[in-house]
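Below: one structure, written as structure tokens.
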Amino acid sequence: MFPLFDSVPSRTTPVVTFGIIGSCFLVFFYELHLGAEQLQRFFYLFGFVPARFTDSRWADSVGFPARDYWPFITSMFLHAGWLHIIGNMWVLWIFGDNVEDRLGPRRFAAFYLICGIAASVVHWLTNQDSTVPALGASGAIAGVMGAYLVLFPKARIVLMIPVLFIPFFFEVPAVFFLVFWYLLQLVSGALALSSTQHASGVAFWAHVGGFGAGIALLPLFLIGRPKRARNRDDYRMEAAWHRPRRRDHRS
């Protein structure tokens with residue numbers, strides 16, 4: 001189940017969303033030029049390794065820099081492969097432009113980073129002994145998805161669901177897709193904790209933490225922001241399939 005489009009047009013150019021996407025791809029292209037050993041070291045130094053902040057003796061023994069908390073931020077810009085980065089950046093594009101439109105560029109940048117940090121904190125609390133680096137923007141993007149749920153619950157999302165390699169397209173309310181996605185992360189995270197093998201390759205609790213942070217922090221970032229006047233066409237069924245052009249005027 002993969003989202004393709006939403007029905008809410010943005011009214012401003014999402015410069016921060018563009019900037020995040022561009023930054024992630026620049027880092028990824030840099031990764032592609034590293035050898036296997038260099039890439040592994042790069043991931044361990046700049047990815048988020050929970051045990052690094054839990055067991056200082058272990059961290060010292062393997063050569064992690066002391067009192068270095070940059071991975072809480074740098075890990076958001078690392079990705080492990082083409083599918084990883086394309087999937088994350090596509091979802092950020094779908095939901096990020098509208099949330100940035102509502103918060104404004106500066107607030108959206110701060111909101112995105114704080115949600116990403118919160119996601120890493122929750123991942124650390126639920127995987128304190130893990131020595132596997134967590135990579136990717138999905139925790140921060142989960143925060144954006146949580147904010148979108150609050151801001152645009154009546155929006156429509158077009159989904160692509162492959163069945164036996166045949167793509168089927170469905171339109172659903174945004175609230176359905178986002179709540180279903182969150183519950184899936186919550187259940188998957190609970191199953192991972194109860195399993196004897198925690199290494200699933202997906203940081204489910206980072207998603208849960210980022211999504212919750214997005215919902216909880218949104219009211220603070222909306223203080224002083226003008227309310228957006230919603231158009232009748234924003235939530236039409238047809239709008240999800242034929243997304244309107246952005247408007248030049250600001251709210």
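Scan LEU164, LEU149 and give me the residue that is modelled with pLDDT of 95 or more, farther than 16 Å from GLY87 by Cα and among the hydrophobic types (A, V, I, L, M, F, W, C). Before the answer, list the steps.
Values: LEU164 fails: modelled with pLDDT of 95 or more.
Being modelled with pLDDT of 95 or more, farther than 16 Å from GLY87 by Cα and among the hydrophobic types (A, V, I, L, M, F, W, C) holds for just one of LEU164, LEU149, which is LEU149.
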Practice prompt. Output yes when any residue across the range 52-60 is surrounded by fewer than 16 Cβ atoms within 10 Å (Cβ to Cβ) and either modelled with pLDDT of 95 or more or within 13 Å of ILE20 (Cβ to Cβ) (or both), and no when none is.
Written response: no
Worksheet item: If you scan the range 153-184, which residues turn out to be touching a Phe, Trp or Tyr at 6+ places or on another chain (Cβ under 8 Å) and farther than 30 Å from PRO71 by Cβ?
Response: LYS154, ALA155, ARG156, ILE157, VAL158, LEU159, MET160, ILE161, PRO162, GLU171, ALA174
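Is it the case, given these coordinates, that PHE168 is over 15 Å from ILE94 (Cβ atoms), part of a strand (DSSP E or B) and out of contact with any Ser or Thr (no Cβ under 7 Å at 6 or more places or on another chain)? It would help to see each step written out before you state the result.
Working: over 15 Å from ILE94 (Cβ atoms): yes; part of a strand (DSSP E or B): yes; out of contact with any Ser or Thr (no Cβ under 7 Å at 6 or more places or on another chain): yes.
Yes.
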Response to the item:
For the range 126-146, the count of residues that are more than 14 Å from the chain's Cα centre (by Cα) and either modelled with pLDDT of 95 or more or of a type outside the set (A, V, I, L, M) (or both) equals 7
Discussion item. What's the total number of residues in the range 181-196 that are of a type outside the set (Gly, Ala, Ser) and in contact (Cβ under 8 Å) with a residue 12 or more places away in the chain?
Written reply: 5
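Here's the yes/no breakdown for (1) modelled with pLDDT of 95 or more; (2) surrounded by 20 or more Cβ atoms within 10 Å (Cβ to Cβ); (3) in a helix (DSSP H, G or I); (4) of a type in the set (Ser, Thr, Tyr):
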| residue | (1), (2), (3), (4) |
| --- | --- |
| PRO65 | no, no, no, no |
| TYR69 | no, no, no, yes |
| ILE73 | yes, no, yes, no |
| ILE86 | yes, no, yes, no |
| LEU92 | yes, yes, yes, no |
| PHE95 | yes, yes, yes, no |
Worksheet item: Looking only at residues in the range 1-47 that are of a type in the set (S, T, N, Q) and assigned to a helix (DSSP H, G or I), which one is nearest to ILE161 (Cα to Cα)?
Response: THR17
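The values are calculated or read from the model by the stated rules, or taken from the named source; none is laboratory data. No experiment lies behind these values; they were computed from the predicted model shown. For neighbour counting, all protein chains shown are included, and Cβ atoms are generated from backbone atoms with ideal geometry for every residue, glycine included.
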